[in-house]
Amino acid sequence: MRTRGFRTGSWAGFMAGMVLAGAFIATASAQAPTYPCTVPPAIEEAFQKLDFTNDAAMTWEERSAQSMAIFRSLFAQYPDNFFVHRRYQDHKLHTLEFTEGDLGPLIKEYQTLLEKHPNDPKYVYLYGRALMRQSYKEAAQYEEKALQLDPNFAWPHLELARTDRDDAKFQNHIEAFMRLCPSTLEAYKYLRGADDKEFLAQAVQQMRKLLANRTDPEALDYYPVLWSLEFRAAPPSEYQQAYDRVAGDVKRWRELNLENNPDWYDALYYGYKTLDDAQGQKWVADQLLEHFPQSGATVRIVMERERQTNPYPKEDSPPEDFGKYYKALYQTTDDWIRLWPQSPMARSERFNAATHLKDLSDAEVEAAAEGFLTSMEKNRDLVRITPPPAIQVAQEYVKRSIRLASVPQLVANGFAEIEKHVQDSARSDNESPELQRSLSNSLNFTHWQGWTILVDGYLKRNQPDKAREVLFQMETFLGEHQPDKSSTPGARRAHTDQSRNYWEDMARVAEAQNRKLDALAYYQNALTFPHQQSRVDKLDDQPADKARELWKALGGTDEGWFAWAREHVPVSSAAGEEEAWINSEKPLPDFNLPDLTGRAWRLQDVKGKVTFVNFWATTCGPCRAELPFVQKLYESMKDRPDVLVLTVSLDQNPGLIAPFLREFKYTFPVIPASSSYFQLNPTIIPTNWIVDRNGVVRKEQVGYGFKGDEWLRKVSLSLEEARNGK
């Protein structure tokens, strides 16, 4: 669901009345829901069996078979129960989303039920829900129809809140659900992106009342939601009180000693993480290993603890640090795979480490790769990786010149996976343009990567004719993706890099076919697409090196080479200097937001200065790689009166920000905010802005290219250009 900001108004007034004046009972009695708001205890007990405590030892087929056996038993006892149908749909939709399965049978199943009960709001609602991933618009029509048939049916409001992009309508549906089901917790999950502090404070107060005396599994699940909302509701100056409440909750829960409940450990771990309590986190991990060694939660928490204990080296660390890191990770995965041989997470980490260790034997690399592929296939309902695992394995096989005969099939498998994913995602009519663009980029990137792997593999197998067939596909792709005036700088740069790679591969194939003059011409074409390091006196990029070798093989002299190179090898590179900055004209509206220290930032603080703004989150991998250089930028600029460096954290739980900053010793200003900050909604992070002296966003940069020092140099240059009015 897209995060939204709540407006003050009728809902705030309603909540205030409900919390402060006791209107809760009157509202509930005046508008009683037709269908129940909570799951009956007997059915809830049966649902607990669906949360397997040994899921890390199971395959997708085993989890699915056992789940379906439980559902068959439930349907035999409760064939028309509303909650059984909802939970069954949740199970099927989750599985189909990850496995790219066909939605048709599920939709047909509920279409048949609707035909039998055409005017029953429950089946109208369930059919709309089954349609949700295929057509949001059509699904919403059925949810609206369910409400027309029964205005006191609460649950369609939540489905409509998920699908409606209009903030006012979204808020109205949440209001309606909470009026009808004031004691039901589910709607609170929808509030983690809300901005209205007054509303959130009232919602948190009510949620605490609902959870006060509950120790059931559902209550455990909702405490992390409560803590997140509490930090969102509080100004940074009151975060300490929020931490104190979390500490009180954790202490109370710990004293319950629910050691036979894995959800208990999961909630405690999240609490200890919020409190930055490393000892508590370790205790939870140790207890899970003892009591639930085959739980998926155990796998996740143990691996997270390992990443905290042995963090990935900083980008500017010496090469030997990376070697030590991957060697330690490879050794650690021995223990993980012994514990969890089916785990795709353990196998993925194993393969990742293997790709960075040059001294591993071919047999060790093959074992890591095949284990990775097998675990991903057997656990398709748990995780999806881009690029697809088959592409990653094919790339490693070609790099090491092993199992080359298997590479074409691996690449084909990878193409089929990404194409199925994009096709399946495109069925929905409610995907944002940003997500559609991201899916298209993933598809294009995977195709180009796969073609490059195939060319390399065929050349290593001495099959240049097959490599040439792949190059025809690359040529067609380049023609179909010619950049135009509307293309972003990143898209233009990608096309330049791909064109350069294409001509270089053309030259390599020509050399393999002993067409040396053709190869020299192709290298010449490659060099017309600039490369950042291409210089006459330092020809260290591969096309120039290869061209020079070929020049000599054809009888050319060094003197002739340099004469030719001065004409054909660019001294500087416009493409290399081109940044992935998008020109912008976004004036910042007035704002008043506190940072973690309590300092209030306003539009007037930005005006008169050139400002760099970085949007990030603690859970964002590229953000974590970029932030050390944001810190360097801040340190270099913090004493300048004409330049400002600000960051905005989009963490759903702002309570996680301060522990993160302490861990990495970051001192730059951080404003905790949702994605509606400045009402300009960055949809992908990290995102960077350059704001001019008048408070107008002039440039926007999306993503991080993992070239920290170069990134820092170019951002500093962009700030200076903005300061000079360029």
Just one of the numbered conditions (1) touching a residue at least 40 places away in the same chain (Cβ under 8 Å); (2) touching a Gly at 6+ places or on another chain (Cβ under 9 Å); (3) over 21 Å from Pro594 (Cα atoms) is not true of Tyr243; which one?
(3)
Is it the case, given these coordinates, that Gln423 is modelled with pLDDT under 95 and part of a helix (DSSP H, G or I)?
yes
Against the conditions (1) farther than 15 Å from Ala354 by Cβ; (2) within 24 Å of the chain's Cα centre (by Cα), where does Pro389 fall short? Just the number, please.
(1)
Here is a list: Asp244, Asp266. Which entry is acidic (Asp, Glu), out of contact with any Phe, Trp or Tyr (no Cβ under 9 Å at 6 or more places or on another chain) and under 23 Å from Pro293 (Cβ atoms)?
Asp266
What about Leu114, is it at pLDDT below 90, in the same structural domain as Ala139 (by TED's automatic domain parsing) and closer than 25 Å to Gln148 by Cβ?
no
Among residues belonging to region 370-388 that are part of a loop (DSSP other than H, G, I, E, B) and β-branched (Val, Ile, Thr), point out the one that is surrounded by the most Cβ atoms within 10 Å (Cβ to Cβ).
Thr386
Suppose the filter is in contact (Cβ under 8 Å) with a residue 60 or more places away in the chain, in a loop (DSSP other than H, G, I, E, B) and among the small types (Gly, Ala, Ser); does Gly608 pass it?
yes
Selection count where residues are under 18 Å from Asp221 (Cβ atoms), part of a helix (DSSP H, G or I) and touching a residue at least 12 places away in the same chain (Cβ under 8 Å), scope region 246-290:
21
Restricting attention to region 291-338, and to residues there that are of a type in the set (Ser, Thr, Tyr) and surrounded by 14 or more Cβ atoms within 10 Å (Cβ to Cβ), which single residue is nearest to Tyr704 (Cα to Cα)?
Tyr312
Between Asp102, Asp90, which is surrounded by fewer than 16 Cβ atoms within 10 Å (Cβ to Cβ) and touching a helix residue (DSSP H, G or I) at 6+ places or on another chain (Cβ under 8 Å)?
Asp102
So, in region 451-472, exactly how many residues are within 21 Å of Ile418 (Cβ to Cβ) and touching a Phe, Trp or Tyr at 6+ places or on another chain (Cβ under 6 Å)?
1
Quick one: would you say Leu126 is free of Cβ contacts under 8 Å to residues at least 24 places away in the same chain, part of a helix (DSSP H, G or I) and out of contact with any strand residue (DSSP E or B) (no Cβ under 8 Å at 6 or more places or on another chain)?
no
Can you tell me which residues in region 339-361 are surrounded by fewer than 22 Cβ atoms within 10 Å (Cβ to Cβ) and part of a helix (DSSP H, G or I)?
Leu339, Met345, Ser348, Asn352, Ala353
Determine whether region 674-682 contains at least one residue that is in a helix (DSSP H, G or I), closer than 24 Å to Lys609 by Cα, out of contact with any helix residue (DSSP H, G or I) (no Cβ under 8 Å at 6 or more places or on another chain) and modelled with pLDDT of 85 or more.
no
Of all residues being over 22 Å from Ile107 (Cβ atoms) and in contact with a Ser or Thr (Cβ under 6 Å, 6 or more places away or on another chain) in region 135-183, which is surrounded by the most Cβ atoms within 10 Å (Cβ to Cβ)? Just the residue, please.
Arg179
Residues being surrounded by 14 or more Cβ atoms within 10 Å (Cβ to Cβ) and either among the aromatic types (Phe, Trp, Tyr) or free of Cβ contacts under 8 Å to residues at least 12 places away in the same chain (or both) - total across region 194-215
1
Within region 351-374, take every residue that is of a type in the set (Asp, Glu) and in contact with a helix residue (DSSP H, G or I) (Cβ under 7 Å, 6 or more places away or on another chain) and give me the one that is nearest to Thr59 (Cα to Cα).
Glu364
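Here is a yes/no grid of residues against (1) over 30 Å from Glu304 (Cα atoms); (2) crowded, with 20+ Cβ neighbours inside 10 Å:
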| residue | (1), (2) |
| --- | --- |
| Val613 | no, yes |
| Gln631 | no, no |
| Asp642 | yes, no |
| Ile657 | no, yes |
| Leu712 | no, no |
Quick one: which of Lys169, Lys137 is under 29 Å from Pro118 (Cα atoms) and not assigned by TED's automatic domain parsing to the domain that holds Tyr125?
Lys169
Can we say Thr309 is more than 27 Å from Asp276 (Cα to Cα), without any contact (Cβ under 8 Å) to a residue 60 or more places away in the chain and polar (S, T, N, Q)?
no
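The values are calculated or read from the model by the stated rules, or taken from the named source; none is laboratory data. Since the model is a prediction, treat every value here as computed from it, not as a measurement. Every residue, glycine among them, receives a Cβ derived from its backbone with ideal geometry; neighbour counts consider all protein chains shown.
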